[in-house]
Amino acid sequence: MKFAIITHVPHVIEQNQYFAYAPYVDEMNIWAKNVFELVIVAPISSTEITAVDRAYTHPKINFIAINTFDILSLKGLFHSVIKIPKISLQIYKAMQYADHIHLRCPGNIGLLGCLVQIAFPSKFKTAKYAGNWDPKSNQPWTYKLQQWILSNTFLTRNMQVLVYGQWEGTTKNIKPFFTATYAEADKKLIKKRNLNQAIEFVFVGTLVAGKNPLYAIRLVEKLIQKGYNVILTLYGDGYERDIIEKYCSDNNLQNRITFKGNQTKETIQKAYQQSHFVILPSDSEGWPKVIAEGMFWGCVPIATKISCVPYMLDNGNRGVLLDMDLDSDVLQIESVLNNQRLYDEKQSSGLEWSRKYTTDIFESEIKKLLL
């Protein structure tokens, strides 16, 4: 099978290997186990490989480099008009060549893929919508357009669309799905974590406004002010790092809040294994892997009520759902900090739920999609 991936994810080429964001590549390597040839239609990045990048492991890769574009500004729109015809033709040729078409959405390249795939109604297709599928959520119009095209069974034929969560009113080609990081073999006994010692919070994600790392810091700061022995470690990098590091310096938080930058999967795993809570006060998510990963290693999650997160946290029974109101959210966290039994129940429930979603199960479900 010739399997074509249409994606906006930037790739780095080094020593005839193709690198990209590790969680995405790890997933695509699972898909690739079942195909003879991997056709990747994606942008090339000139940046250096980092700790959060990984290489594809497939022996036969046909890489088609495309330009990126944006339509958020007048200048960007002008350049896009020039770029889009060539990119669309490249996508068309890749789809024509492939036996199976796989779209990665949402994104500008995914949008073009949604449009071009209409010309191939008889080909087998899948789309992974990695964002928030909630029809009632506030999304960019380009995302809404992708959702509409993918849901339209007249325009989009012979395709299974994988989304996070179950939503009322979806069409028959929309399939609730999940993602996974760890295998059955990774399961290890989790030791009890006492709340009568230093309580560790961990934040894993890009340090950008949409992930709200400063809100995570302010929650911990408020707990410190109330006399709790809490610390926070942040893993990840981004344009807000200087701003939030200055905030920590200005408010004398350096001894309680630490920035580790981008780290390997193994380092992040160790952080989960020693932390009491994983926190992600994000504005938008699909299936936040850091929440599922943290629960897999015994962290109690603290996250916003977006996308399928309320389902993941069983409406708060497996963690804490944030209202994004500092005082009320701190009170919610305090109710857990002051009750070891409640903490243990949430941890145990999250552990049991998250360990159902292993890469072994994920791989078996992928095989079904490709048969």
Search result, residues across the stretch 127-148 that are buried (at least 20 other Cβ atoms within 10 Å of the Cβ) and not aromatic (Phe, Trp, Tyr): Ala127, Lys128, Ala130, Gly131, Asn132, Gln146, Gln147
Search result, residues across the stretch 298-320 that are in contact (Cβ under 8 Å) with a residue 12 or more places away in the chain, out of contact with any strand residue (DSSP E or B) (no Cβ under 7 Å at 6 or more places or on another chain) and surrounded by fewer than 23 Cβ atoms within 10 Å (Cβ to Cβ): Ile306, Tyr311, Asp314, Asn317
Considering residues of the stretch 64-75 that are of a type outside the set (Ser, Thr, Tyr) and loosely packed, with under 15 Cβ neighbours inside 10 Å only, the residue modelled with the lowest pLDDT: Leu72
Those helices (runs of 4 or more DSSP H) lying entirely in the stretch 262-341 with at least 1 residues closer than 17 Å to Glu221 by Cα, of a type in the set (D, E, K, R) and not assigned by TED's automatic domain parsing to the domain that holds Gln166: 326-337
Qualifying residues in the stretch 27-54 (those that are surrounded by 18 or more Cβ atoms within 10 Å (Cβ to Cβ) and acidic (Asp, Glu)) - the one nearest to the chain's Cα centre (by Cα): Glu27
Residue list for the stretch 340-351, filter: surrounded by fewer than 19 Cβ atoms within 10 Å (Cβ to Cβ) and either touching a helix residue (DSSP H, G or I) at 6+ places or on another chain (Cβ under 9 Å) or farther than 20 Å from Cys299 by Cβ (or both): Leu342, Ser349, Leu351
Close pairs (7 angstrom Cβ cut-off, 6 or more residues apart or separate chains): within 20 Å of Val39 (Cα to Cα) and in the same structural domain as Glu37 (by TED's automatic domain parsing) in the stretch 63-89, surrounded by 11 or more Cβ atoms within 10 Å (Cβ to Cβ) and of a type in the set (Ser, Thr, Tyr) anywhere: Phe63/Tyr18
Matching option when the condition is touching a Lys or Arg at 6+ places or on another chain (Cβ under 7 Å) and in the same structural domain as Ile6 (by TED's automatic domain parsing), among Leu115, Leu150, Leu162: Leu162
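The values are calculated or read from the model by the stated rules, or taken from the named source; none is laboratory data. This structure is a prediction, so every number in the text was calculated from the model and none was measured. Virtual Cβ from ideal backbone geometry, glycine too; neighbours counted across all protein chains shown.
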